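Enquirer: Just passing along the structure, written as structure tokens.
The values are calculated or read from the model by the stated rules, or taken from the named source; none is laboratory data. What you are looking at is a predicted structure, and each value in this text was computed from that prediction instead of being measured. Cβ sites come from the backbone with ideal geometry, for glycine too, and all protein chains shown count toward neighbours.
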């Protein structure tokens, strides 16, 4: 069955330096987005309680103060280099944030100003593709990042005037 | 509690020391990046000078790594510049900086400022430029 993905502007994660987005699958609601599902699933796991707090604070602080610089993110899977596209510094890759410990949050750093936060979990194996906790999130992250990248190239998702945020039609959705 | 969003719940439970951990970690990462940029060094060069893998330097700059004082000292030694200055150290240095006029820094009036202090002032200026 095909899945329809809506882009969700995270209303509580719109900072001076970074505007965060997520995606909802077969839903229009912000509360159903992948990032909130990750937070809800992980918040009660005491083994990663501190890691989650730090990850959460990190997201907010780079949003407020520093911007989503590439050094803050670890690249997980190379998709393609679209560095010719604006903004020039953008390197389109599916990335993941590494917290000390095993917690992974998959995301897509579109530029220093725009980041998509997906889902994740506690990685228990060396490779994400082999881990029962994260492999589906890892696969989905790569599919989504590729689709979002394509939408930017095809201008279904467009940059604002100074390349600090994105715009898209309210009925825009991605079919997976 | 049940009606509260997960975002509010998480914001409430983050401890002050966790906020500080992230704040200082990110500040250190930015300081190291600023020094690297001023020196024209890449992360790869820093890794090589420190005898570490590039992935270890990436972790160090991620803003979430549990940095040890030992690793910060090693970075400082390799870069030949301070990454962390305590408020007391800064106070001593800023006392001099406070009385220096911009025009006198570029002139030869080094009688009131030692070479070391000038270097410090320059690194502060560079960092300000980097942040701007």
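Enquirer: Considering each residue of the range B:29-46, count those that are more than 11 Å from chain A (Cβ to nearest Cβ) and either assigned to a helix (DSSP H, G or I) or surrounded by 19 or more Cβ atoms within 10 Å (Cβ to Cβ) (or both), and give that number.
Expert: Going through the range B:29-46, the residues more than 11 Å from chain A (Cβ to nearest Cβ) turn out to be B:31, B:34-35, B:37-42, B:44-46.
Narrowing the set further to residues that are either assigned to a helix (DSSP H, G or I) or surrounded by 19 or more Cβ atoms within 10 Å (Cβ to Cβ) (or both) leaves B:31, B:34-35, B:37-39, B:44-46.
The number of residues fulfilling the criteria is 9.
Enquirer: State yes or no: is residue B:56 part of a helix (DSSP H, G or I), crowded, with 17+ Cβ neighbours inside 10 Å and within 13 Å of chain A (Cβ to nearest Cβ)?
Expert: Values: part of a helix (DSSP H, G or I): yes; crowded, with 17+ Cβ neighbours inside 10 Å: no; within 13 Å of chain A (Cβ to nearest Cβ): yes.
No; evaluated as a whole, the condition is false for this residue.
Enquirer: OK, next. Select, from A:9, A:64, A:74, the only residue that is within 14 Å of the chain's Cα centre (by Cα) and within 12 Å of another protein chain (Cβ to nearest Cβ).
Expert: Working: A:9 fails: within 12 Å of another protein chain (Cβ to nearest Cβ); A:64 fails: within 14 Å of the chain's Cα centre (by Cα).
None of the others qualify; the one that does is A:74.
Enquirer: Provide a single number: the residues in the range B:59-74 that are more than 18 Å from residue A:74 (Cα to Cα) and within 14 Å of another protein chain (Cβ to nearest Cβ).
Expert: Here is the first cut: in the range B:59-74, the residues more than 18 Å from residue A:74 (Cα to Cα) are B:68-74.
Okay, now just the ones that are also within 14 Å of another protein chain (Cβ to nearest Cβ), so B:68, B:71.
Looking only at that region, the number is 2.
Enquirer: For the range A:61-71, which residues satisfy the criterion of being in contact (Cβ under 8 Å) with a residue 12 or more places away in the chain and farther than 19 Å from residue A:106 by Cβ?
Expert: First pass over the range A:61-71, keeping only residues in contact (Cβ under 8 Å) with a residue 12 or more places away in the chain: A:62-70.
The answer is A:64, A:65, A:66, A:67.
Enquirer: Then there is this: Would you confirm whether or not the range A:94-105 contains a residue that is closer than 28 Å to residue A:153 by Cβ, assigned to a strand (DSSP E or B), modelled with pLDDT of 90 or more and under 12 Å from the mean Cα position of the chain (by Cα)?
Expert: Yes: the range A:94-105 contains one or more residues that are closer than 28 Å to residue A:153 by Cβ, assigned to a strand (DSSP E or B), modelled with pLDDT of 90 or more and under 12 Å from the mean Cα position of the chain (by Cα).
Enquirer: Looking at (1) surrounded by fewer than 19 Cβ atoms within 10 Å (Cβ to Cβ); (2) within 14 Å of another protein chain (Cβ to nearest Cβ), can you tell me which one residue B:49 breaks?
Expert: Among (1) surrounded by fewer than 19 Cβ atoms within 10 Å (Cβ to Cβ); (2) within 14 Å of another protein chain (Cβ to nearest Cβ), residue B:49 violates only (2).
Enquirer: Moving on to the next point. With respect to residue B:130, is the statement that it is modelled with pLDDT under 90 and either closer than 27 Å to residue A:75 by Cα or buried (at least 17 other Cβ atoms within 10 Å of the Cβ) (or both) true? Can you show your working first?
Expert: Details: modelled with pLDDT under 90: yes; either closer than 27 Å to residue A:75 by Cα or buried (at least 17 other Cβ atoms within 10 Å of the Cβ) (or both): yes.
So residue B:130 fits the description; yes.
Enquirer: Collect the residues in the range B:12-28 that are surrounded by 15 or more Cβ atoms within 10 Å (Cβ to Cβ) and either touching a strand residue (DSSP E or B) at 6+ places or on another chain (Cβ under 7 Å) or more than 7 Å from chain A (Cβ to nearest Cβ) (or both), keeping them in residue-number order.
Expert: B:25, B:27, B:28
Enquirer: Pull up the range A:26-60, narrow it to residues that are outside any helix (DSSP H, G or I), free of Cβ contacts under 8 Å to residues at least 40 places away in the same chain and more than 9 Å from every other protein chain (Cβ to nearest Cβ), then point me to the one that is farthest from residue A:172 (Cα to Cα). Give the derivation first.
Expert: Start the filter on the range A:26-60 by keeping residues that are outside any helix (DSSP H, G or I), which leaves A:26-29, A:33, A:43-45.
Going one step further and asking which of them are free of Cβ contacts under 8 Å to residues at least 40 places away in the same chain, we end up with A:26-29, A:33, A:43-44.
Cutting the leftovers down to more than 9 Å from every other protein chain (Cβ to nearest Cβ) gives us A:26-29, A:33, A:44.
Details: A:26: 13, A:27: 13, A:28: 11, A:29: 14, A:33: 16, A:44: 34 Å.
Only one residue tops the list, namely A:44.
Enquirer: In the range A:12-24, which residues are away from every other protein chain (no Cβ under 14 Å) and free of Cβ contacts under 8 Å to residues at least 24 places away in the same chain?
Expert: The initial filter retains those residues of the range A:12-24 that are away from every other protein chain (no Cβ under 14 Å), namely A:19, A:21, A:23-24.
Within the range A:12-24, A:24 is the sole residue that qualifies.
Enquirer: Would you mind finding the one in A:39, A:10 that is surrounded by 17 or more Cβ atoms within 10 Å (Cβ to Cβ) and more than 20 Å from residue A:167 (Cβ to Cβ)? So that I can check it myself, show each step before the final result.
Expert: Working: A:10 fails: more than 20 Å from residue A:167 (Cβ to Cβ).
It is A:39.
Enquirer: Condition first: assigned to a helix (DSSP H, G or I) and either surrounded by 13 or more Cβ atoms within 10 Å (Cβ to Cβ) or within 8 Å of chain A (Cβ to nearest Cβ) (or both). Now tell me which residues in the range B:1-11 satisfy that. Working first, answer last.
Expert: Taking the range B:1-11 first, the residues assigned to a helix (DSSP H, G or I) are B:6-11.
If the condition is that a residue be assigned to a helix (DSSP H, G or I) and either surrounded by 13 or more Cβ atoms within 10 Å (Cβ to Cβ) or within 8 Å of chain A (Cβ to nearest Cβ) (or both), then B:6, B:7, B:9, B:10, B:11 are the ones that fit.
Enquirer: Mind listing just one residue for me: the one in the range A:117-131 that is in contact with a strand residue (DSSP E or B) (Cβ under 9 Å, 6 or more places away or on another chain) and assigned to a loop (DSSP other than H, G, I, E, B) and, of those, farthest from residue A:43 (Cα to Cα)? Spell out the reasoning first.
Expert: First, the residues of the range A:117-131 that are in contact with a strand residue (DSSP E or B) (Cβ under 9 Å, 6 or more places away or on another chain): A:117-123, A:128, A:131.
Narrowing further to those that are assigned to a loop (DSSP other than H, G, I, E, B): A:123, A:131.
On the way: A:123: 16, A:131: 20 Å.
Per the criteria, the residue is A:131.
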